[in-house]
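Accompanying notes for the structure given below.
The values are calculated or read from the model by the stated rules, or taken from the named source; none is laboratory data. This is a predicted model, so every value here is computed, not measured. Cβ atoms come from the backbone with ideal geometry, glycine included; neighbour counts cover every protein chain shown.
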Ligand SMILES: C[S@@+](CC[C@H](N)C(=O)[O-])C[C@H]1O[C@@H](n2cnc3c(N)ncnc32)[C@H](O)[C@@H]1O
């Protein structure tokens, strides 16, 4: 069970919770502070350390830098804790600890993921974390959980994490195994969001197979559902996806394809080829409209001459139609997605670099082709 201890909660904690919270942190504290365990006064030293800790926790209840303490329980017992503090308007992860009896159970990662959901809900985009360079365990934890190094000095490494990307990665990792099943279900029911998915797939295949050779970049390759038939026909495929689990499944279908496990934005710096087709199938909608446009402009340089970007997705001709679609599917609509709208693309800078066409497949979905003109 996950709990948020905001300032008012911290000011009203039960003694039992304070004791449990301290018990998580109470591991080798005497040694950390340079005391000898054989010191005859060790019990009173321990009492002082404990008081320091509890005073600190209580001070968080009145400290303007406190965002919140976060707590994970297993069967009622606190097993993992951390806090987020605000310094100069930036959010820092601090004090992430797991109870010594509960190591190796993934509780710290689980707590971090829950915290990230909370932060995302509060529209917090980035968190930082400072780790001592000698603390290998913590350094590894940060690498494993998607943090990137922002800076380093003799003592510390400063990490940064994009909250939205990490939450999305978790969602897709979680969804990977059942992704294809949910696509089929939605498609069979002819409903948002995947009504027409197979038609989109075969139209993409038709466009690509007009060329006998092509290098295809699939942005958001997922389980490789769209790419694998083309791979099997001998087309060269590179797949980008932020979800490791999705890539694992795609790799099974396309063992010799190239993969980049990263966000769209980061992957661009890792691309070292020109592509005849760049595909975004049900993937670009995770980015806000202006971010979509900027990305599509940025990858212009990665397209071979007369290459094209193909976007299959929930999409409409204009905002009005998108609003109507939203109204119709309101109860299952995902408010965090920005489905492509022809009108927005046509009114943007994209028209200066691409010839834009749009084929409406059904009320939900459609296919864009942006052919490189310059
Ligand atoms: C709905 S799935 C579509 C998968 C595949 N293109 C298909 O048509 O079946 C979206 C995919 O995009 C990936 N994705 C979402 N946002 C991403 C981002 N910002 N960078 C890289 N991959 C992303 C997800 O991990 C997921 O595999």
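A few comments on the model shown:
- Evaluating residue 120 against the criteria (1) more than 22 Å from residue 33 (Cβ to Cβ); (2) assigned to a helix (DSSP H, G or I); (3) touching a strand residue (DSSP E or B) at 6+ places or on another chain (Cβ under 9 Å) leaves one unmet condition, (3).
- Checklist (1) under 32 Å from the mean Cα position of the chain (by Cα); (2) over 24 Å from residue 90 (Cβ atoms) applied to residue 16, failing item: (1)
- Counted residues, the range 187-203 - those being within 27 Å of the chain's Cα centre (by Cα) and either within 25 Å of residue 265 (Cβ to Cβ) or outside any loop (DSSP other than H, G, I, E, B) (or both): 6
- Per this entry, residue 282 is counted among residues that are at positive phi and surrounded by 16 or more Cβ atoms within 10 Å (Cβ to Cβ).
- Scanning the range 151-186 for residues that are part of a strand (DSSP E or B) and either out of contact with any strand residue (DSSP E or B) (no Cβ under 9 Å at 6 or more places or on another chain) or under 24 Å from residue 68 (Cα atoms) (or both) turns up 156, 157, 158, 159, 160, 161, 162.
- Scope the range 159-169; condition near the ligand (Cβ under 10 Å from one of its atoms) and crowded, with 21+ Cβ neighbours inside 10 Å; matching residues: 169
- Any hit, the range 210-221, residues being in a helix (DSSP H, G or I) and either in the same structural domain as residue 262 (by TED's automatic domain parsing) or closer than 16 Å to residue 368 by Cβ (or both): no
- Answer from 287, 303, 317 - the residue that is out of contact with any strand residue (DSSP E or B) (no Cβ under 6 Å at 6 or more places or on another chain), crowded, with 19+ Cβ neighbours inside 10 Å and closer than 24 Å to residue 201 by Cα: 287
- Extreme residue, surrounded by the most Cβ atoms within 10 Å (Cβ to Cβ), among residues of the range 82-93 that are free of Cβ contacts under 8 Å to residues at least 24 places away in the same chain and within 20 Å of residue 145 (Cβ to Cβ): 83
- If only residues of the range 123-139 that are more than 15 Å from the chain's Cα centre (by Cα) and either assigned by TED's automatic domain parsing to the domain that holds residue 90 or within 16 Å of residue 150 (Cβ to Cβ) (or both) are counted, the one that is surrounded by the fewest Cβ atoms within 10 Å (Cβ to Cβ) is 132.
- Being more than 9 Å from the ligand (Cβ to nearest atom) and either in the same structural domain as residue 365 (by TED's automatic domain parsing) or in contact (Cβ under 8 Å) with a residue 60 or more places away in the chain (or both) is a description that does not apply to residue 179.
- Filtering the range 205-221 to residues that are within 15 Å of residue 307 (Cβ to Cβ) and touching a strand residue (DSSP E or B) at 6+ places or on another chain (Cβ under 7 Å) leaves 207, 208, 211, 214, 215, 216, 217, 218, 219.
- Residue 295 free of Cβ contacts under 8 Å to residues at least 40 places away in the same chain, touching a strand residue (DSSP E or B) at 6+ places or on another chain (Cβ under 9 Å) and either within 23 Å of residue 125 (Cβ to Cβ) or surrounded by fewer than 18 Cβ atoms within 10 Å (Cβ to Cβ) (or both): yes
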